[in-house]
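Only one structure is covered here, and it is reproduced in the block below.
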Amino acid sequence: MIKKLSAVIPALLILLALTASCIEDGYVTSPSATPVFSVEELDMGTYFTGQPTPTARFVVHNRYDKVLNISSVTLREGDTGVFRVNVDGFAGSSFSNVEIRPNDSIYVFVEATLPVNSSPGLTVTEGHLDFVTNGVTSTVLLRASGQDVVRRTAVTVTADETWTAEYPYQVFDSLVVAEGATLRLDAGVKLHFHDGAYMRVYGSLVTDGTPDDIVEMTGDRTDNVVGDISFDLMASQWVGLHFAPESRGNRLSHTVVRNTVSGVAADSLSAVTMVNCRLRNSAGYALTTRHADVTLAGCEVADASLGAMMMHGGKVTANHCTFANYYLFTAPRGAIVQFDHYDSDTDDGSGAPYLSADITNSIVYGLGTDLSVADFSGTDVTIRSCVLKSAGSDDDNFIRCVWDTDPVFATVRSDYFFDYRLKPESPVLFSADPQLTLPETAMDFYGTPRLPSPRPGAYQTAPEEPEE
């Protein structure tokens, strides 16, 4: 028996030695063998303080043919409540022996709740995620900028108020201006509406934006949908801006309204003037007028699933406007500019007057059909000195128009770049009639004077080149 054991023991020792050698050979152990990170610095962007940020991520690669063992991953600042990390599916602030298979990778997810700054400016908060591999420490810098915000929930303005631009506003549920009250938004005010929130005006809304300090009404997502595609391009982030029936005294200047479900809507007997405004990115129409009195001066109305604008009765004046539709997320469901309740055939039975529309020095171009109506004979609709996509001809309602001509916008839809200024090679730069330029459109959105040689559409300013 002893002889048999003495013969087996050396064989077992050899087997154990070989097994240990195989295990050791399965790991890369050189101090020069370290992970490769998809980023050296993870810049998460700018977010409102006091609430969780969206989740950012980066990738940790093992470029070797053996297993890479990261002996520790540590959030240097510890569990402070600012940054939170998840490494390969496990949440915490410290991790041990994180293994990455040969030529494989793992994800690291990061989110944060940024501390309140108690000041209007941005405050940058940094964290450090340390990876120790084979005795060597590598660090990924975490960075996020925090912006304090005034949060308003289910607000009803019942008396005249002025909101200043010291801090942006985040609106939950609703912002309502009651009948008899006026809400004035100073230059530079930014309203960020949360998902499902809306603004409704029964009284009056006045915005005092300028070329240098525009007023913005947008969703409250400041990150990217995916890659470099910003939420600025996304519709349906909030419901939209609604002027209720008989709302009067509304004047918006240098104001941007975007990311809506239903855009801007002016209802029966309301009166709204918009000067150098930009309405875009809606899942419905960017602008709807229904038996309303609406003046558009130097405005861009663009990028909406159902069409850029719908006019239903009422009175509409549009001078130096750009109506364009290169909406990203669905094929156009209707003409760029649509008309209804303009004659007896389209009468809605309301007894309200038919549409009276005067569109001058404007551009209607983009995907799909430009106008929902080709013949306005006998109606009070006139389109003068406009650039149109249709291959039509002038008549008593279409006067000195440029037909079937691409205005050559700077927009590059495939690159998610939407700029409706005219490129220098545009064939229509000099097609506008200076005698039709109204005093309200003497300068464009950017503050560039139009006269003496106005360009058609909303913009006199030359475009910038898209970033590479």
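The values are calculated or read from the model by the stated rules, or taken from the named source; none is laboratory data. On a predicted model such as this, the values are computed, not experimentally measured, just so you know. Neighbour counts run over all protein chains shown; Cβ positions are idealised from the backbone, glycine included. Areas reflect the complete protein model, heavy atoms only, side chains present, ligands, DNA and RNA absent. Shrake-Rupley method; radii C 1.70, N 1.55, O 1.52, S 1.80 Å.
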Exception for Glu216 within (1) modelled with pLDDT of 95 or more; (2) of a type in the set (Asp, Glu); (3) farther than 26 Å from Ser268 by Cβ; (4) in contact with a Phe, Trp or Tyr (Cβ under 9 Å, 6 or more places away or on another chain) falls at (4)
Can you name every residue in segment 422-454 that is farther than 17 Å from Thr295 by Cα, in a loop (DSSP other than H, G, I, E, B) and in contact with a Lys or Arg (Cβ under 9 Å, 6 or more places away or on another chain)? Ser426, Val428, Leu429, Phe430, Ser431, Ala432, Asp433, Tyr446
In segment 330-348, is there at least one residue being under 29 Å from Thr210 (Cβ atoms) and either in contact with a strand residue (DSSP E or B) (Cβ under 8 Å, 6 or more places away or on another chain) or not hydrophobic (A, V, I, L, M, F, W, C) (or both)? yes
Mind listing whichever residues of segment 229-252 are open to solvent by 10 Å² or more (accessible area, probe 1.4 Å) and either charged (D, E, K, R) or farther than 22 Å from Gly219 by Cβ (or both)? Asp232, Pro245, Glu246, Arg248, Gly249, Arg251
Meets criteria (under 27 Å from Arg333 (Cβ atoms), in contact with a Ser or Thr (Cβ under 9 Å, 6 or more places away or on another chain) and of a type in the set (A, V, I, L, M, F, W, C)) for Val412: no
Looking at segment 275-309 only, could you name the residues that are out of contact with any Gly (no Cβ under 8 Å at 6 or more places or on another chain), closer than 20 Å to Thr382 by Cα and among the hydrophobic types (A, V, I, L, M, F, W, C)? Leu296, Ala297, Cys299, Val301, Met309
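Quick check on this structure: which one of Leu129, Leu191, Leu141 is within 30 Å of Ser38 (Cβ to Cβ) and crowded, with 21+ Cβ neighbours inside 10 Å?
Leu129
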Among the numbered criteria (1) modelled with pLDDT of 95 or more; (2) loosely packed, with under 15 Cβ neighbours inside 10 Å; (3) of a type in the set (S, T, N, Q); (4) over 27 Å from Gln435 (Cβ atoms), which one does Gln338 miss? (2)
Flag for Ser174 being among the small types (Gly, Ala, Ser) and farther than 30 Å from Arg251 by Cα: no
All-but-one check, Thr382 against (1) within 23 Å of Met311 (Cβ to Cβ); (2) open to solvent by 30 Å² or more (accessible area, probe 1.4 Å); (3) assigned to a loop (DSSP other than H, G, I, E, B), failing number (3)
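Which of the residues belonging to segment 116-126 are of a type in the set (Val, Ile, Thr) and either assigned to a loop (DSSP other than H, G, I, E, B) or open to solvent by less than 30 Å² (accessible area, probe 1.4 Å) (or both)?
Filtering segment 116-126 down to residues of a type in the set (Val, Ile, Thr) leaves 116, 123-125.
Val116, Thr125 - these are the residues of segment 116-126 that are of a type in the set (Val, Ile, Thr) and either assigned to a loop (DSSP other than H, G, I, E, B) or open to solvent by less than 30 Å² (accessible area, probe 1.4 Å) (or both).
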Quick one: is Asn325 in contact with a Pro (Cβ under 8 Å, 6 or more places away or on another chain) and buried (at least 24 other Cβ atoms within 10 Å of the Cβ)? yes
From (1) modelled with pLDDT under 95; (2) part of a loop (DSSP other than H, G, I, E, B), pick out the condition that doesn't hold for Ser414. (2)
In segment 396-411, which residues are closer than 20 Å to Glu300 by Cα and not in a loop (DSSP other than H, G, I, E, B)? Val402, Phe409
Could you grab me the full set of residues in segment 203-213 that are surrounded by fewer than 21 Cβ atoms within 10 Å (Cβ to Cβ) and part of a loop (DSSP other than H, G, I, E, B)? Thr210, Pro211, Asp212, Asp213
So how many residues does segment 86-106 have that are closer than 22 Å to Thr29 by Cα and either out of contact with any Asp or Glu (no Cβ under 6 Å at 6 or more places or on another chain) or among the hydrophobic types (A, V, I, L, M, F, W, C) (or both)? 14
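May I ask you to list the residues in segment 104-115 that are out of contact with any Phe, Trp or Tyr (no Cβ under 7 Å at 6 or more places or on another chain) and assigned to a loop (DSSP other than H, G, I, E, B)?
Within segment 104-115, Asp104, Pro115 meet the criteria.
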Starting from segment 149-178, keep only residues that are assigned to a strand (DSSP E or B), then list their pairs with residues that are open to solvent by 50 Å² or more (accessible area, probe 1.4 Å) and acidic (Asp, Glu) whose Cβ atoms are within a distance under 6 Å, requiring at least 6 positions of separation or different chains. Thr153/Asp173; Ala154/Asp173
How many residues are open to solvent by 60 Å² or more (accessible area, probe 1.4 Å), hydroxyl-bearing (Ser, Thr, Tyr) and modelled with pLDDT of 95 or more when one looks only at segment 30-60? 1
In segment 456-468, is there at least one residue being exposed (fewer than 12 other Cβ atoms within 10 Å of the Cβ), touching a Ser or Thr at 6+ places or on another chain (Cβ under 9 Å) and closer than 22 Å to Leu296 by Cα? no
